[in-house]
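Following: one structure in structure tokens, then a few remarks.
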Amino acid sequence: MKGKRIIILGCIVLMLAGCGSTDKKSYYEQGAAYLEASGYEDAIGSFELSIAEGENVAESYRGEGIAYLRLQNYDEAIQAFGKALSSMEKKDAVLKRDIQFYLATALYQSGDLSSALGICDQILETDGNKEAYFLRGKVHLEMNSYEEASADFKKVLADSEDFNDFINVYLIYQENDMRADGEAYLEEALSIPVNDEEGYYQRGRVQYYLENYEDAREDFIEAMNNEHKDAAFYLGKVYIAMEDISSARAIYQEYLESTGKSARAYDGLAYCDIMEGNYESALEYIQKGLALEDSDETKSLLFNEIVIYERLRDFETAKEKVTAYLEQFPLDEAAIKEKQFLQRR
């Protein structure tokens, strides 16, 4: 048994050394590759080995922090970004600003708004980039500093012809129960000229959020005709809003077939089932979507799971789910209200 253990340990050492292969990637490079491929746990392990060897220490702590951030482990992310800043051996304004931005994001996500605001202020003292203004605007809005938030968002949108900028500002207002304020930004976005499939897709999103569903449907169909795949996902949402569930379901099934496995499509199909009261089927789609570990769709899938258990009148499970959800997304106003509702059941 002891001999087997020695052999196993020897294999592990060889694996870490590259097993004699010609691949000479450093631990830092391995971590960066894992991070790019969304292999966050593996990325953390590689970055820790890089740090232990004293290789690209600040950059490795930064990569580790990003991986923790993607996993919604905000406390660990904050610690990693702090160590990244303290490990910088030479002045690098670009790297420092980048780490500070990630740190501010992690602080915001954790609910530490005052600390996030302080980091944003530090960034903007030397660099007025729109990402920092946008994040500071979000923090101000969460802190009910409405005039300050508006001033920051105006700087984000100054001379912008990017639909995403306007949509992102709207979504922040929507999340804070200030939809009417956010819609003013969407109306402004409609003046952006459109001349390709991406433009039709993005304008369709604006029309969707403004509840101009017929206009949104036309834009998404135009985008799909020009082979914009993501337009199908939003077209399904439009059909749901228009209470045409059969068309929405057909769109999501087609989207799923064209993409293979898609957390987005599973979430859409789950929502169709919710609308039709097929809750057990909806839960199956939710589990299929979560199994894909798509960080971009996890939030929506988990929230819809809470809704399903509530509709099933399984309030105890719904309470457990919403509590776990808020540990990951502590600032989600809809989930906070859902928890308050469930506590009265």
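Based on what the data block shows, is Ile251 under 24 Å from the mean Cα position of the chain (by Cα) and either of a type in the set (A, V, I, L, M, F, W, C) or within 24 Å of Glu310 (Cα to Cα) (or both)? So Ile251 fits the description; yes.
Being among the β-branched types (Val, Ile, Thr), assigned to a loop (DSSP other than H, G, I, E, B) and at negative phi is true of Ile192. Within the range 118-149, the residues that satisfy the criterion of being closer than 19 Å to Asn168 by Cα and of a type in the set (A, V, I, L, M, F, W, C) are Cys120, Ala132, Phe134, Leu135, Val139, Leu141, Met143, Ala149.
Go through the residues of the range 240-260 one by one and say whether even a single one is surrounded by fewer than 20 Cβ atoms within 10 Å (Cβ to Cβ) and within 20 Å of Ala318 (Cβ to Cβ). So far as the range 240-260 goes, no, none of its residues is surrounded by fewer than 20 Cβ atoms within 10 Å (Cβ to Cβ) and within 20 Å of Ala318 (Cβ to Cβ). Residues considered: Glu148, Glu211, Glu175, Glu197. Of these, the only one that is closer than 28 Å to Phe329 by Cα and in contact with a His (Cβ under 7 Å, 6 or more places away or on another chain) is Glu148. In contact with a Cys (Cβ under 8 Å, 6 or more places away or on another chain) and assigned to a helix (DSSP H, G or I), is that true of Ala132? Yes: the conditions hold for Ala132. Within the range 178-194, the set of residues being surrounded by fewer than 18 Cβ atoms within 10 Å (Cβ to Cβ) and under 19 Å from Leu331 (Cβ atoms) comprises Met178, Arg179. Of Asn278, Asn226, all but one fail to be surrounded by fewer than 18 Cβ atoms within 10 Å (Cβ to Cβ) and in contact with an Asp or Glu (Cβ under 8 Å, 6 or more places away or on another chain); the exception is Asn226. Being at negative phi and either surrounded by 10 or more Cβ atoms within 10 Å (Cβ to Cβ) or at pLDDT 90 or above (or both) is not true of Ala17. State whether one or more residues within the range 290-298 are more than 20 Å from Thr259 (Cα to Cα) and part of a helix (DSSP H, G or I). For the range 290-298, residues more than 20 Å from Thr259 (Cα to Cα) and part of a helix (DSSP H, G or I): absent. Restricting the range 287-345 to residues that are acidic (Asp, Glu) and surrounded by fewer than 17 Cβ atoms within 10 Å (Cβ to Cβ), the residue that is nearest to Gly111 (Cα to Cα) is Glu327.
Residues in the range 83-111 that are without any contact (Cβ under 8 Å) to a residue 24 or more places away in the chain and either more than 16 Å from Val57 (Cβ to Cβ) or buried (at least 20 other Cβ atoms within 10 Å of the Cβ) (or both): Val94, Gln100.
The values are calculated or read from the model by the stated rules, or taken from the named source; none is laboratory data. These figures come from a predicted structure and were not determined experimentally. Note: ideal-geometry Cβ built from the backbone for every residue, glycine included; neighbour counts use all protein chains shown.
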